[in-house]
Structures are given as C-alpha cells and as structure tokens.
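Note sheet for the following structure.
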Amino acid sequence: QVKLVESGGGLVQAGGSLRLSCAASGSIFDINAINWYRQAPGNKRELVAASLSSGHTNYGDSVKGRFTISRDNAKNTVYLQMNSLKPEDTGVYYCGADLGITVAWGQGTQVTVSS
C-alpha cells in the first residue's frame with residue numbers, strides 16, 4: 001500500500017511562486033511514476049506534471065515553462081515548483097502514484113492565486 005501526503009499549498013498573488021511537496025511511503029517500489037494533478041471547482045482533474053521513474057518529465061501545456069517537477073529519491077518526495085502563478089492556476093493540487101493498474105492519491109492541497 002502506498003500513502004501520499006501533499007503540503008505547501010496556500011494563498012499567493014499572481015506572479016508569485018509556491019513549492020508543493022508530495023511525500024510517499026509504504027510500497028514505494030510499486031510506483032511507476034508520481035504525477036501532479038489539479039482540480040478547479042466545476043472542472044475535472046487534469047494532469048499538470050509527470051515524473052517518470054526513468055527520469056523523464058512531462059507537463060501540461062498550460063504550465064510549460066512555469067512549473068517544474070523534481071524528485072528527491074532519498075526522501076521519497078516529489079516536488080512541484082510553481083512560478084509566475086496565474087489566477088487560473090487556482091485549484092486543489094493532488095499527487096497521484098501510478099501503480100500500474102490503479103492510482104494512489106494524496107489528500108490534496110489548496111492553491112489559491114489572487115489577481
């Protein structure tokens with residue numbers, strides 16, 4: 001079983017930065033990738049950034065050039081550095097662990113960007 005705990009959300013003005021953390025514990029060797037998603041009110045959850053076990057990364061078009069996903073394997077933690085934040089980045093950010101046939105989710109952390 002995999003447990004994920006997100007932290008680092010908060011309220012920030014447009015143009016500001018935040019760094020989110022996702023700490024993984026449990027059966028971490030079952031994890032193929034840990035990705036960041038977000039969900040705005042009334043919208044479906046969307047992929048923001050992906051960090052594959054191979055080291056490759058992928059980003060959603062709306063965050064390319066502004067967000068950076070990174071990982072610290074020694075700490076079993078994946079980070080999401082978010083720069084140049086926009087009001088449309090507001091939402092609940094979740095990390096999700098790809099376990100092959102299922103996904104393990106964290107509890108989410110709220111990010112609010114004021115204009």
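The values are calculated or read from the model by the stated rules, or taken from the named source; none is laboratory data. The model shown is predicted, which means the values in this text are computed figures rather than measured ones. In this analysis, Cβ positions are derived from the backbone assuming ideal geometry, glycine residues included, and neighbour counts consider all displayed protein chains. To get the accessible areas, we keep the full protein, side chains included, count just its heavy atoms, and leave off ligands, DNA and RNA. Shrake-Rupley method; radii C 1.70, N 1.55, O 1.52, S 1.80 Å.
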How about region 56-73: which of its residues are loosely packed, with under 15 Cβ neighbours inside 10 Å and over 17 Å from GLU6 (Cα atoms)? HIS56, ASN58, ASP61, SER62, LYS64, GLY65
Mind checking which residues of region 18-36 are open to solvent by 40 Å² or more (accessible area, probe 1.4 Å) and either of a type in the set (Phe, Trp, Tyr) or under 14 Å from the mean Cα position of the chain (by Cα) (or both)? ARG19, ALA23, PHE29
Residue within region 1-14 that is assigned to a strand (DSSP E or B), surrounded by 15 or more Cβ atoms within 10 Å (Cβ to Cβ) and hydroxyl-bearing (Ser, Thr, Tyr) present: no
Within region 67-115, count every residue that is touching a residue at least 24 places away in the same chain (Cβ under 8 Å), out of contact with any Leu (no Cβ under 7 Å at 6 or more places or on another chain) and among the β-branched types (Val, Ile, Thr). 4
Those residues of region 24-53 which are more than 28 Å from PRO87 (Cβ to Cβ) and either at pLDDT 95 or above or touching a strand residue (DSSP E or B) at 6+ places or on another chain (Cβ under 9 Å) (or both), in sequence order: ALA24, SER25, GLY26, SER27, ILE28, ASP30, ILE31, ASN32, ALA33, LEU52, SER53
Quick check on region 37-55: of everything there that is over 17 Å from LEU99 (Cα atoms) and assigned to a loop (DSSP other than H, G, I, E, B), which residue is least open to solvent (accessible area, probe 1.4 Å)? ALA40
